[in-house]
1. Which chymotrypsin sites (Phe, Trp or Tyr not before Pro) in region 163-198 pass both tests, a DSSP loop state and at most 15 other beta-carbon atoms within 10 Å?
2. Between R209 and N255, take the C-beta separation as r, use R0 = 45 Å, and let me know the FRET efficiency to the nearest 0.05.
3. Set the Förster distance to 22 Å, then compute FRET efficiency between R33 and H57 from the Cβ-Cβ distance, nearest 0.05.
4. For region 32-108, which GluC sites (Glu not before Pro) are in a loop by DSSP, counting at most 12 other Cβ atoms within 10 Å?
5. Rounded if a/c is under 1.5, else prolate if a/b is larger than b/c, else oblate: which is region 3-279, with a ≥ b ≥ c the root eigenvalues of its Cα gyration tensor?
6. Once both labels are modelled 7 Å past Cα along the beta-carbon direction, what's the K187-D100 spacing in nm?
7. Give the distance, in whole Å, between the Cα centre of region 201-257 and the Cα centre of region 66-89.
8. Tell me, what HN-Hα J-couplings in whole Hz come from the Karplus equation 6.51 cos²θ - 1.76 cosθ + 1.60 at θ = phi - 60° for each residue of region 136-152, using x for Gly and Pro?
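Taken together, the values in this text are just the output of simple stated rules run on the coordinates, not laboratory data. Note that the coordinates shown come from a computational prediction; the quantities given were computed from them, not determined experimentally. Neighbour counts run over all protein chains shown; Cβ positions are idealised from the backbone, glycine included.
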Amino acid sequence: MRVLVSVVSLFFLGIQALSEWSYSGDDGLEESRWPEKYPSCGGERQSPIDVKRREVHFSSSLLPLHMVNYEEEGLELSMTNNGHTVQITLPNTMSMRDSDGTVYRTKQMHFHWGGRDSEISGSEHTIDGMRHAIEIHLVHFNEKYETYEKAVDQPDGLAVMAVLVKVEDYTENDYYSTFISELENVKYTGQTTTLRNVNIRNMLPGDIRHYYTYQGSLTTPPCTENVKWFVFQDSATISKAQAERIENAVMDHHNQTIRNGYRRTQPLHNRVVEANFPYSPDEVSKNHFYMHEKISHGLKLKKIKKKRNHSH
Ligand SMILES: *[C@@H]1O[C@H](CO)[C@@H](O)[C@H](O)[C@H]1NC(C)=O
Ligand SMILES: [Zn+2]
């Protein structure tokens, strides 16, 4: 979550020499000291968390998110290097409706990745302790506040969808090509480029019906505890070469390559993580289930065929 920081960066790019915070402490306040300056970061409803699958509560009343317009074609989206990540501005025409009827609209999406010391994992949420290669956050605001700026301080102001991305050696994902090839145009902090012909839906996992959900926070200062999280159970897949391009593409304020931009997982305290699917320890049958689902969907059939060609 780079929400406020990016706004601040856009305002003060010219005069901002140091970042106010960082993960390692190389450049600004180190992660464990964020609460000194941003008290919410020391709160009891922080994100990200480790999702312990055995402890997740299955709730049959949670419906799939009702997602509208994510598949829109021909969008021109602005993408900026804000010194911590690359962020894509989303039009507020995309919306999702939660099971409780709340409608959230899109604001921006950004990425968390690894890459330091050839460590390829950089997701923020972990599942049973396992860290994925990349995590994408699609930041939404509660429609009843009309704008993101008004929603950002409200206790029920924000919702973030988290997409976990895994790496499979030769599974080049064409739906990420435009994004990855434009990274060279935002190499330096403060640069902006335009993405053409991206389809946001195609960058999401095949199965977007199943998710974990809990109440948490922004994962970067000011760590405001007003985020309803939706972490998709299924993941997206890119190739190793694609992941490496992301990890080596962009630089921070000091022209150091941005890597390992993820926060450590935070204690759950008395929160409960819910899911709209039951716990199943049997990964094999789960994957089989997804193959079946994907095959019934034209687009995804194409993806699976491609995967097969690459691995032979
Ligand atoms: C980073 O590198 C670019 C290109 O060489 C240069 O224009 C810019 O001034 C550098 N910034 C810093 C902080 O060194
Ligand atoms: Zn984030």
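1. The qualifying sites are Y170, Y188.
2. FRET efficiency, R209 to N255: 0.60.
3. 0.05
4. Loop-located and lightly packed - E44, E73.
5. Judged from the Cα gyration tensor, region 3-279 comes out rounded (a/c under 1.5).
6. So the label points at K187 and D100 sit 4.7 nm apart.
7. First find each Cα centre; the distance between them is then 13 Å.
8. 10, 10, 9, 8, 10, 10, 5, 4, 5, 8, 6, 10, 4, 4, 6, 6, 5
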